[in-house]
Amino acid sequence: MKHLLKLLDLSGEEIIEILNLADQLKYEQKHGISHRLLEGKTLGCIFQKSSTRTRVSFEVGMYQLGGYPLFLSSHDLQIGRGEPVQDTARVLSRYLDGIMIRTFEQDEVETLASVGSIPVINGLTDFCHPCQVLADLMTIRELKGSFEGLKMSFIGDGNNMMNSLIVGGLKVGMQVSVACPEGYEPDRRVLDFAAGNPGFSMHRKPADAVKDADVVITDVWTSMGQEEETERRKIAFAGYCVSDSLMENAKPDAMVLHCLPAHREEEITASVFEKHASEIFEEAENRLHAQKAVLVKVMGNK
C-alpha cells in the first residue's frame, strides 16, 4: 500500500489489515507500550480546508509514532498563490517522507501522488473521506464485535461521507442503505461500484433506509465550500433529521455515528446525539488510531 487516496483503491482485505493494525496500536497506547515506528520521519500536512480532528489527530499520531508533522497551510504555501500542484509535489518529495492533504478536488490528491515520489494520504476531499470512514469502521467493529450480518444506514447528503461509507461498508461485507433527496445522490463512480451488489440500497424516505439498521450515520447537510446553499439545503433535507422517532425504525440496540461537527436539531437531534455520545466520541478518538495505522502502512519500513 503506497498511498491512501480513496477506499475504491483498496480491497476488503487491505481495509481489514488497516483496522487490525489500528486496534493493535490503540491497545498499545492504552497500555503505555511505545510504538515509535516512524522514528525520524516527516509528514507534511497540507490544509486547504479548516480542520479540528484531522489536524490534531495527524499531528499527535506522528508524534506518538516518533515522527515529526509539519502544518502547511495553503495560505502560507505557494500552492495557494498559483504554483502548480505538480511543482509542489516534486519539491516536497525532496524534503518529506509523506504528505497528508485536506483539500477540495480529488484530482489534486491524485496528481500529488502521481507526480511526487513519496506516499500521499487523502485527509478529505469533496469526493471522499477515507480516513474518517476507516475510523467509523473501526468503531463499528469495536462495539459490535464484527461486520458479519450488520446493516449500516446513512441519512443525508450524497457527499464525501456517503461516498466513502458505501464503498467501505460494502467492501467489509456489511449491508449499506442510504437515504437522500432527489438531486443529492452519491457520486456516479460510487453508484457504479455499488451497482448490482445486493447489499446496497438507496431510498428517498429515511425510515425505509434505517429499517432494522444496526448502525445509523449522518453528517451535516452543508459541507465546506457550499455555504451559499445552506438555506436551500435546509429545505431539501427537511425530514432527514436523525431523531428518536426515526430511530424507532432501526434495531433497538442500533448505534449512531457522526463524523462531527454536528448541527443539533438539523441533521441530528440533541436527544439522539447525547444518547449516543459515547459512540460518537469513541469514533472521534479512533481517527487517531486508524490514521496511525495508515501512516505506518504507507510510511513504515516494508
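The values are calculated or read from the model by the stated rules, or taken from the named source; none is laboratory data. None of these values were measured; they are calculated from a predicted model. Glycine gets a Cβ as well: all are built from the backbone with ideal geometry, and neighbour counts include every protein chain shown.
Of all residues in segment 17-43 being over 15 Å from the mean Cα position of the chain (by Cα) and aliphatic (A, V, I, L, M), which is farthest from Y63 (Cα to Cα)?
Per the criteria, the residue is L21.
Six or more apart or on different chains, Cβ atoms under 6 Å: show the pairs whose first residue is in segment 39-65 and farther than 20 Å from L134 by Cα and whose second is in a helix (DSSP H, G or I) and of a type outside the set (F, W, Y).
K41/M299; G44/L92
Over 17 Å from I155 (Cβ atoms), crowded, with 23+ Cβ neighbours inside 10 Å and either modelled with pLDDT of 95 or more or of a type outside the set (D, E) (or both): does that describe V242?
no
Scan segment 85-112 residue by residue and report those that are within 26 Å of S223 (Cβ to Cβ) and surrounded by fewer than 21 Cβ atoms within 10 Å (Cβ to Cβ).
Listed by number, the residues that qualify are V85, F104, E105, Q106, D107, E108, E110, T111.
Among (1) in a loop (DSSP other than H, G, I, E, B); (2) of a type in the set (D, E); (3) in contact (Cβ under 8 Å) with a residue 60 or more places away in the chain; (4) surrounded by fewer than 23 Cβ atoms within 10 Å (Cβ to Cβ), there is one condition D157 misses while meeting the rest; what is its number?
Checking D157 against (1) in a loop (DSSP other than H, G, I, E, B); (2) of a type in the set (D, E); (3) in contact (Cβ under 8 Å) with a residue 60 or more places away in the chain; (4) surrounded by fewer than 23 Cβ atoms within 10 Å (Cβ to Cβ), the one that fails is (4).
Tell me which residues, restricted to segment 87-125, are touching a Gly at 6+ places or on another chain (Cβ under 7 Å) and polar (S, T, N, Q).
Answer for segment 87-125, where residues must be touching a Gly at 6+ places or on another chain (Cβ under 7 Å) and polar (S, T, N, Q): just S93.
Only one of L65, L72, L165, L134 is at pLDDT below 95 and either under 26 Å from S34 (Cα atoms) or of a type outside the set (D, E) (or both); which?
L72
Taking the options V176, V172, name whichever one is assigned by TED's automatic domain parsing to the domain that holds K144, within 17 Å of N160 (Cα to Cα), touching a Gly at 6+ places or on another chain (Cβ under 9 Å) and not aromatic (F, W, Y).
V176
Taking the stated definitions as given, is L96 at pLDDT 95 or above, over 24 Å from S11 (Cβ atoms), in contact with a strand residue (DSSP E or B) (Cβ under 6 Å, 6 or more places away or on another chain) and in a loop (DSSP other than H, G, I, E, B)?
yes
Specify the residue that is nearest to K151 (Cα to Cα); the eligible residues are those in segment 194-214 that are outside any helix (DSSP H, G or I) and charged (D, E, K, R).
Among them, the one singled out is D214.
Do you know which residues across segment 3-49 are closer than 13 Å to L295 by Cβ and assigned to a loop (DSSP other than H, G, I, E, B)?
Once the filter is applied, which keeps residues that are closer than 13 Å to L295 by Cβ and assigned to a loop (DSSP other than H, G, I, E, B), segment 3-49 yields H3, H35, R36, L37, L38, E39, K41.
Check off (1) over 21 Å from the mean Cα position of the chain (by Cα); (2) crowded, with 17+ Cβ neighbours inside 10 Å for S57 and give me the number that stays unchecked.
S57 satisfies all of (1) over 21 Å from the mean Cα position of the chain (by Cα); (2) crowded, with 17+ Cβ neighbours inside 10 Å except (1).
Can you name the number of the only condition in (1) in a helix (DSSP H, G or I); (2) farther than 30 Å from K171 by Cβ; (3) touching a Leu at 6+ places or on another chain (Cβ under 9 Å) that E83 fails?
(1)
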